[in-house]
Amino acid sequence: MKHFLELLKNNKKILLLASLLFLFLISFINFIVCFRGSKYTFRYHEAGSDRILYESRVVSSVKNTPKIKLYVEELLLGPSVRRGVPLFPLQTRVIFCFVRGNELFLNLSEQAVMNFSPEMDLEESYRMLSDNVCRNFSNIKKVNLFIDGNSVFSDVKIQ
């Protein structure tokens, strides 16, 4: 140990390397301890083709907010690549989102029904949304979609 400290005093390159290693170690420990989030995949259609674009993003956790709601909000932001087509218009927001059993009940704002793309209709948007949710949350088997409180593809009513 005494020899190592003497070596650090005499050799500036080793001192710099040891300092950088120490900073990296502190940063890594801080990342492991303080990072709150989950990595998810997102699928979108590519504009002008039948291809599917895949993205991976880390969605930060927010205290007292379910992970599935954070995921759906991130999904509604749309793709990060230019050629990707968002599932719903960008002004669409989540009114409520909860899980009962293995079903997700999702209510979106009325902007979700506005015609925003010739390549995506409401049924295709719902199919992609449902597919994204079921792939990332294995406990979800069905997505019940509501828009402004009205059921879209089933006869379920909000009381």
Check your understanding: Kirkwood Rh over Cα pairs of the chain into Stokes-Einstein at 20 °C, 1.002 mPa s: D in µm²/s?
Key -> 115
Point to revise | Residue-averaged [θ]222 nm for the chain, counting only DSSP H segments that reach four residues, each worth -39500 (n - 2.57) | key: -11500 deg cm²/dmol
Check your understanding: So which DSSP H runs in the chain come out at 18 Å plus along the axis (Cα) with average Kyte-Doolittle of at least 1.0?
Key -> 12-34
Review point. Once the piece of chain linking Asp121 and Phe98 is laid out straight, how much longer is it, given 0.36 nm per residue of separation minus the C-alpha distance between them?
Key: 5.8 nm
**Study point:** Candidates Ser60, Ser19, Ser138: whichever shows maximal mean-square fluctuation once the chain is modelled as a Gaussian network with Cα springs under 10 Å
**Key:** Ser19
Point to revise | Estimated FRET transfer efficiency when R0 is 22 angstrom, pair Glu73-Ile29 (beta carbons, to 0.05) | key: 0.15
Exercise for review: Would you calculate the separation in nanometres between label points at Glu46 and Asn64, each defined as 7 Å from the Cα along the Cα-to-beta-carbon direction?
Suggested key: 4.4
Review point. In whole percent, how big is the carbon plus sulfur part of the accessible area of the chain, probe 1.4 Å, protein atoms only?
Key: 57
Check your understanding: Asn102: net charge of surrounding residues, Cβ under 14 Å, Lys/Arg +1, Asp/Glu -1, itself excluded?
Key -> +2
Revision key, fill the gap. Lys pairs in the chain with Cα under 30 Å (8 or more apart in sequence, or on separate chains) total 18
Exercise for review: Find the accessible area per residue for the chain; the probe is 1.4 Å, ligands and nucleic acids are left out, and the unit is Å².
Suggested key: 68
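The values are calculated or read from the model by the stated rules, or taken from the named source; none is laboratory data. Just so you know, these numbers come straight off a predicted model, no measurement behind them. Every residue, glycine as well, gets a Cβ built from its backbone with ideal geometry; the counts of neighbours run over all protein chains shown. Just the protein is used for accessible areas: all its heavy atoms, side chains included, with ligands, DNA and RNA removed. Shrake-Rupley method; radii C 1.70, N 1.55, O 1.52, S 1.80 Å.
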